[in-house]
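Here's the structure, in structure tokens; my notes come after.
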Amino acid sequence: MIKLNQINDTKREFEKSFAEGAFYNKQTQDDAHLKKIMEILPIRPGMKILDLGTGTGYLAFPLAKAYSDVTITGLD
């Protein structure tokens with residue numbers, strides 16, 4: 001039988017893993033970096049873009065906002 005402590009420990013570690021991901025995002029994602037990526041992408045009206053490994057949507061959401069005539073799918 002699983003003890004309540006084991007369940008709580010598992011839950012705590014699961015939640016901690018998400019917090020660590022947020023820390024990673026803060027360290028690797030910034031507006032200047034995003035701007036450079038968006039400037040070099042050859043996006044044209046009607047394109048379909050697949051963002052593999054989209055994670056938090058760091059790139060997918062700004063692209064969708066900037067290009068309403070493009071279909072963007074994020075897959076993590």
Next item on the list: Check cross-link reach from Lys65 to the lysines: straight Cα distance under 19 Å, and skip same-chain residues fewer than eight apart.
Entry: Lys35, Lys36, Lys48
Check: So if R0 is 35 Å, what FRET efficiency would Leu34 and Asn5 give, r being the distance between their Cβ atoms, rounded to the nearest 0.05?
Finding: 0.25
Check: Suppose R0 equals 25 Å; then what is the FRET efficiency for Phe14 and Thr54 from their Cβ-Cβ distance, rounded to the nearest 0.05?
Finding: 0.75
Next item on the list: Report, by chain and number, residues whose modeled amide H sits under 5 Å from the one on Ile49, excluding near sequence neighbours (fewer than 5 apart, same chain).
Entry: Thr71, Ile72, Thr73
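Only the coordinates and a few stated rules stand behind these numbers; no lab work does. Everything numeric in this text was worked out from a predicted model, so none of it was measured. Positions of Cβ are generated from backbone atoms using ideal geometry, with glycine treated the same way; all protein chains shown enter the neighbour counts.
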